[in-house]
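Structure record follows, encoded as structure tokens.
The values are calculated or read from the model by the stated rules, or taken from the named source; none is laboratory data. In this text, all values refer to a predicted model and were calculated from it rather than measured experimentally. Ideal geometry is used to build each Cβ from the backbone, glycine not excepted, and the neighbour counts take in all protein chains shown.
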């Protein structure tokens with residue numbers, strides 16, 4: 001079956017790549033409001049045609065994904081940094097704009113999740129990288145539980161090799177000061193600490 005309309009093409013592309021509207025717009029550099037007009041039926045007064053350059057870009061990413069030349073559909077970057085000392089592999093750095101970490105502590109449990117592009121999952125301990133606290137994550141002070149939490153967040157954003165170089169700074173500046181039982185840290189906040197370490 002041939003997709004005849006712009007709306008069908010865009011919806012099929014989002015479904016194939018597994019992206020929400022917000023993530024699709026961010027991935028292709030399209031304003032969310034503009035994307036909404038591209039997704040309207042062509043009979044709508046607010047419908048706008050997708051610019052040709054954007055259409056070709058979408059087609060290229062979809063083709064690469066179908067041909068298995070591209071395995072990660074959300075925004076990732078190759079980052080060269082004097083702090084990290086090398087170029088990170090493509091699949092080790094999730095776009096921090098799409099990431100947040102959430103924590104909740106009750107009398108019964110302590111739960112930390114990573115939310116990537118709106119999809120939550122439990123944050124792994126990453127004990128194989130450094131084993132500070134096999135009993136779980138903690139925050140609000142400078143001990144082993146907060147160290148494990150800072151390490152785990154950095155591993156998710158940077159990969160293990162780079163994470164071990166900076167996670168203690170993240171613990172000191174972001175994790176230890178957390179005094180509430182419920183909190184959220186954005187990926188960008190963590191990356192700001194990483195970048196500030198390089199400047200010192």
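Summary of values
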read-out	value
Boolean, residue 110 is at pLDDT 90 or above, surrounded by 10 or more Cβ atoms within 10 Å (Cβ to Cβ) and touching a strand residue (DSSP E or B) at 6+ places or on another chain (Cβ under 6 Å)	no
Among (1) surrounded by fewer than 16 Cβ atoms within 10 Å (Cβ to Cβ); (2) at pLDDT below 80; (3) touching a strand residue (DSSP E or B) at 6+ places or on another chain (Cβ under 8 Å), the one test that residue 102 misses	(2)
Filter result for residue 116 (touching a strand residue (DSSP E or B) at 6+ places or on another chain (Cβ under 9 Å) and modelled with pLDDT under 90)	yes
Unique match (being in contact (Cβ under 8 Å) with a residue 12 or more places away in the chain, farther than 21 Å from residue 127 by Cα and touching a helix residue (DSSP H, G or I) at 6+ places or on another chain (Cβ under 8 Å)) among 153, 191	191
Qualifying residue in segment 176-184 (condition: under 30 Å from residue 24 (Cα atoms), touching a strand residue (DSSP E or B) at 6+ places or on another chain (Cβ under 7 Å) and surrounded by fewer than 17 Cβ atoms within 10 Å (Cβ to Cβ))	yes
Residue match in segment 140-158 (condition: part of a helix (DSSP H, G or I), surrounded by fewer than 17 Cβ atoms within 10 Å (Cβ to Cβ) and within 21 Å of the chain's Cα centre (by Cα))	no
Residue selected from segment 159-188 under the condition assigned to a strand (DSSP E or B) and in contact with a helix residue (DSSP H, G or I) (Cβ under 9 Å, 6 or more places away or on another chain), by the criterion farthest from residue 143 (Cα to Cα)	186
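So that you can scan it fast, the table gives a plain yes or no per residue for (1) exposed (fewer than 15 other Cβ atoms within 10 Å of the Cβ); (2) modelled with pLDDT of 85 or more; (3) assigned to a helix (DSSP H, G or I):
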{"site": "10", "(1), (2), (3)": "no, yes, yes"}
{"site": "13", "(1), (2), (3)": "no, yes, yes"}
{"site": "22", "(1), (2), (3)": "yes, no, yes"}
{"site": "26", "(1), (2), (3)": "no, no, yes"}
{"site": "29", "(1), (2), (3)": "yes, no, no"}
{"site": "35", "(1), (2), (3)": "no, yes, yes"}
{"site": "43", "(1), (2), (3)": "yes, yes, no"}
{"site": "50", "(1), (2), (3)": "no, yes, no"}
{"site": "57", "(1), (2), (3)": "no, no, yes"}
